[in-house]
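Worksheet: the structure to be examined is printed underneath.
The values are calculated or read from the model by the stated rules, or taken from the named source; none is laboratory data. Worth saying up front: this structure is predicted, and the values here are computed from it rather than measured. Using ideal geometry, Cβ is built from the backbone for each residue, glycine included, and neighbour counts are taken over all protein chains shown. Quick note on the areas: whole protein, heavy atoms, side chains included, nothing else; ligands and nucleic acids left out. Shrake-Rupley method; radii C 1.70, N 1.55, O 1.52, S 1.80 Å.
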Amino acid sequence: MVARFVGVGGLGLLAGAVAFPCAAGAQEGDWKDPKGMVQEEVWRRFSVPPAPVLSPEEALESFTVPPGFRVELVASEPLVGDPVEIEFDPDGRLWVVEMRGYMPNPDGTNETDPVGRIVVLEDDDGDGRMDRNTVFLDQLVMPRALAVLKDGVLVAEPPNLWFCKDFDGDLRCDERVPMDDAYASQNDPKLGQKSNPEHASNGLLWGMDNWIYSANHTMRFRFLNGEFIREPTIFRGQWGISQDNYGRLFYNSNSDHFRGDLLPHHYLARNKHLVGLAGANVRVNPDQTVWPGRITLGVNRGYRPNVLREDGMLTRYTGACGTLIYRGSNFPAEFLGDGFVAEPTGNFIRRNKVREHDGIVEASNAYDQKEFMTSTDERFRPVNLINGPDGCLYVVDLYRGLIQHRLYLTTFLRKQVEERGLAEPIGLGRIYRVVHESKKPGRAPKMSRMTSADLVKELAAPDAWRRDTAQRLLVERQDTSVIDSLRQLSGCSQKPLAQIHALWTLHGLGSLNMETVRLAIKSPDPKVRLTAIQVSEAFVGKMGEQQLLSIWRTALNDVPEVQQQLALSLGELESEEVLDHLKTIWERNLHHAYIPSAVLSSLYQRELEFLELILDDSGAWGSGLPEVAMMLEKLAGAIYREGDVVRIKGLLQLANGEPGTEWRGEALLGGMNRVAFKKVQGKMRLDGNPIAVGAKPAPLVALASSKTGSLAALSNLLLEAFQWPGKSTVAADDVAELTPQQQARFDLGKDLYLISCGACHQPHGRGQDGLAPSLLNSDWVLGSAERMARIVLHGLQGPIVIEGKTWDIAMPGLAVFDDEQLASIMTYVRREWGHTASPVEPELVATVRAKYADRIDMWTVAELGE
């Protein structure tokens, strides 16, 4: 959840027969260290300040915030204990998820006891401090998320997502209905010692588009016509999720603190022939350097090089969580839209200054070698942040000394915890709000009691919490009496944020009309214009496409971010005119970071036609531009992946161009080769069966004799991807079936992979941008088994280039596993996901282990090359 995360992989203990060969007194987290690494007790070099339990009032004195700000206490023990998530309901009551079972002691025993709760806090006198609590639901095992809705509350208790109802209004659950049985399943108590709360689903954010999104989960949810709808989406971050004023989602992982979706992912996923499109899971701030306000020796791997500075302070993010885009009215205007991130291991909160130009969002630390909010109290553990109804920023503090989960706890930290008395007490917790002194926070409105007409007015409120809540309530009520008011508001150009909310509310009510869209697309605000295009996709299939295009065409001459949305939306239409418009948008934005991906996403099964179109008019953009070559490569790869022989022949014809166009032939052939072949043991091998054609592909044969050496080489390689009558064939390597013993290793390896590698490389093996590279068709996986054994035993230190991208990773070894277990993991990844590499025997692992028995350091790419 909020623990330190170094390098690639995450490991829990296997239940049953599988055990870890640890030294006496060793901790489960020690497995991540290279064999022989000494966990030096570096804290003994320093005069470590004490970490006594501070009263809430004393804790307030420990904070440092910028001038003009102050921190106020909202709630503390005994009203709350072990809070991990909060949410205000429409009437300003504060709902709290209490994960009281989390790490009750350094061994994590009794973590599955049903002691978790959902409590509701109320402020009776309006002073901003909660006065009483009501237990809505108790006897929960490790609850981790909630979402307050009109008719009930979604509560995540792994692996269940419950819809909890209160029939009599006493703020106590009277009925809970299961909505999903695979939510946060990584933390399912049935997994026993493998149950992992650090890498499990959370969030339940109602998005601008009326879908409910989660971090660390690959489904989004929606209530529609009385049904609970599930739809696949991408994996997003680790703990915490937020949105900006335009519905873009932001999140993080423990070691990569600020990422976001600058393009809605559902567009990027629709073209099945393309992978790696840009715009989702973007690293918004690549700088992971941190500046705590106190010495931070109590981090899990403080003994490792470069984890701590010479002064004993943390150097980089290790527990980033709780991402929040500030959208309130209490802070000065320059704070609006900035990204705040909690770092509990460093006892601080970061403010990222967010900048945007043409739809490209970037961020950096708002302060020079400082953080927005720091504490000298080691027990201050901010784990979540939210916008409040009063425009202030609220902080959830899981107030305790030890937050590292047992699955990752090292001997280094365990010894500190015991010597310094950090394990107890537990069951505490605080909630704060950060207030700017220039404006007095107001009281939360009673929005559940408002008429629908009043809720429409709230869509123009200065605070996002009020706008978001009003939109949600209107969509949930499905009250059609306010449609005219919403349509009027959507055309009010003096209030662009209200326009955006009105459009999405109409969309959620199924009550958009073309006149509303026509007016909104003329708004002076580009975000309103692009929203009008996006929501009007609801008319696709319900009216003639020309009628829709007559409105959308105006965006062809708009600013880049509006053209970008037009490129995405055009993919929903079938008109031949679409390709011309996509070509125009692409040519005008060749150098844009995301518009080429938006165009490609809209070309499913139309890639060849688009390629022909742009090559017929190549004078518009010249020749040899890297951005153009990249587009040609992507298009060619998609056409090849489609597998249609006629279309592939057409592609080959385009590759065989006139003299002077060799560069484009190289791009097209290179794109096909990247899809057709994989590199194994330094050699290019066909990935799958050759494509059967009726005769030798003449254009490719001609290119194979080209005087341009690179073009000839690409063509000769690609010829191996085709089969025609009379062609001599080289027998493909036989893929021997696994023996029963090897199959048993494969099955065991799958379980071991999921808990030791899957958290980062993911169950599908495609990895996570910014955290772990893909394993699919990787020569590091399918190549030398001896080299792979060296990596899994001792780890790998970056940088390493995979698929053209440089990864600066520190992947720890798995030497804690025995030879049979490592052989099982290796066999699994070499034979899963369509891989056909040879299985690995334990004897090979044993040989490599003995050969490098004295090695301590991780391997580098250069060393492995030798």
His835 accessible area, assembled protein chains, probe 1.4 Å, Å²
10 Å²
Please work out the C-alpha center-to-center distance from the stretch 201-220 to the stretch 269-289 and express it in whole Å.
18 Å
Check which residues have an amide H placed less than 5 Å from Met219's amide H, if you skip close sequence neighbours.
Thr233
Report the one residue of Val115, Met142, Gly92 whose Cα lies farthest in the direction of the positive end of the charge dipole of the stretch 47-155 (charges on C-beta: Lys and Arg +1, Asp and Glu -1; origin at the Cα centre).
Met142
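Test of the criteria: in the stretch 103-188, which chymotrypsin sites (Phe, Trp or Tyr not before Pro) are in a DSSP loop and have at most 11 other Cβ atoms within 10 angstrom of their Cβ? Walk me through the intermediate numbers first.
Working: sites: Phe136, Trp162, Phe163, Phe167, Tyr183; in loops: Phe167, Tyr183.
Those that pass, being in a loop and sparsely packed, are Phe167.
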Cβ-placed point charges (K, R +1; D, E -1), dipole of the chain about Cα centre in debye, nearest 20:
1020 debye
Let's test this: bin the Cα-Cα distances of the stretch 251-312 at 5 Å from zero up to the farthest pair and state each bin's percent.
3, 14, 18, 15, 13, 10, 7, 8, 7, 3, 0
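What net charge is computed for the residues neighbouring Asp127, neighbours being all others with C-beta under 10 Å from the C-beta of Asp127, Lys and Arg scored +1, Asp and Glu -1? Kindly include the intermediate steps, with their values, before the conclusion.
Numbers: positive: Arg129, Arg443; negative: Glu72, Asp123, Asp124, Asp125, Asp131.
Every neighbour counted, the sum reads -3.
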Just read off the accessible area of Val559 with the full protein assembly in place, 1.4 Å probe, to the nearest 10 Å².
60 Å²
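With +1 on each Lys and Arg Cβ and -1 on each Asp and Glu Cβ, how big is the dipole of the stretch 217-286 about its Cα centre, in debye rounded to the nearest 20?
Numbers: 9 positive and 5 negative charges, 29 e Å.
My answer is approximately 140 debye.
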Computed over the stretch 453-500, the convex hull of the Cα set has an average projected area, in nm², of 2.9 nm²
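Quick check on my link table: of Lys805/Lys851; Lys150/Lys446; Lys457/Lys495; Lys583/Lys634; Lys649/Lys696; Lys190/Lys750, which ones sit more than 20 Å apart, alpha carbon to alpha carbon? Each step should come with its number before you reach the end.
On the way: Lys805/Lys851 32 Å; Lys150/Lys446 13 Å; Lys457/Lys495 11 Å; Lys583/Lys634 15 Å; Lys649/Lys696 11 Å; Lys190/Lys750 18 Å.
With Cα atoms farther than 20 Å apart: Lys805/Lys851.
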For a quick check: with amide H placed at 1.01 Å from N, whose amide H comes under 5 Å from Cys757's, ignoring anything fewer than 5 positions away on the same chain?
Gly10
Express in Å², to the nearest 10, the accessible area of Ile521 obtained by rolling a 1.4 Å probe over the protein heavy atoms while all chains stay in place.
20 Å²
Note on the chain: contact order normalised by length, alpha-carbon pairs under 8 Å, 6 or more apart, percent, works out to 12 percent
Residue-wise, which Karplus ³J(HN,Hα) couplings in Hz belong to the stretch 40-53, taking 6.51 cos²θ - 1.76 cosθ + 1.60, θ = phi - 60°, and x for glycine or proline?
4, 7, 5, 5, 6, 6, 10, 8, 6, x, x, 10, x, 6
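Using the Kirkwood radius over C-alpha pairs as Rh, can you work out the diffusion coefficient of the stretch 564-640 via Stokes-Einstein at 4 °C, viscosity 1.567 mPa s, in µm² per second? Kindly include the intermediate steps, with their values, before the conclusion.
Details: Rh = 12.3 Å.
Using the Kirkwood radius from Cα pairs, D works out to 105 µm²/s.
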Please calculate how many Å² of accessible area the stretch 802-866 carries per residue, with a 1.4 Å probe and no DNA, RNA or ligand atoms counted.
46 Å²
More than 22 Å apart: what percent of Cα pairs in the stretch 398-486 qualify?
57 percent
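Please go through the stretch 389-476 and write out the GluC sites (Glu not before Pro) that DSSP classes as loop and that have at most 14 other C-beta atoms within 10 Å. Don't jump to the answer; show the numbers that get you there.
Details: sites: Glu418, Glu419, Glu437, Glu458, Glu476; in loops: Glu437.
In loop regions of the stretch 389-476 (DSSP not H, G, I, E or B), the sparsely surrounded GluC sites (Glu not before Pro) are Glu437.
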Estimated 222 nm signal from helices in the chain, with DSSP H stretches of n ≥ 4 weighted -39500 (n - 2.57), rounded to 500
-8500 deg cm²/dmol
Bridge type composition, the chain - antiparallel percent by DSSP, nearest 5:
95 percent
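State to the nearest 20 debye the size of the charge dipole of the stretch 633-672 about its Cα centre, where the only charges are +1 on K and R beta carbons and -1 on D and E beta carbons. Each step should come with its number before you reach the end.
On the way: 5 positive and 6 negative charges, 30 e Å.
Dipole magnitude for the stretch 633-672 comes out near 140 debye.
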Please report, to one decimal in angstroms, the Kirkwood hydrodynamic radius of the stretch 751-813 built from all distinct Cα-Cα pairs.
12.0 Å
Loop trypsin sites (Lys or Arg not before Pro), the stretch 497-566, which have at most 16 other Cβ atoms in a 10 Å radius of their Cβ (DSSP)
Lys522, Lys542
Using only the Cα atoms of the stretch 344-385, what are the Rg and Dmax in Å?
13.1, 42
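Can you pull the percent of the chain's accessible area that's carbon plus sulfur, 1.4 Å probe, other chains left in place?
Working: 16730 of 33260 Å².
The C+S portion of the solvent-accessible surface of the chain is 50 percent.
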Over the alpha carbons of the stretch 162-207, what is the largest minus smallest coordinate on each principal axis, giving the biggest first in Å?
40, 28, 16
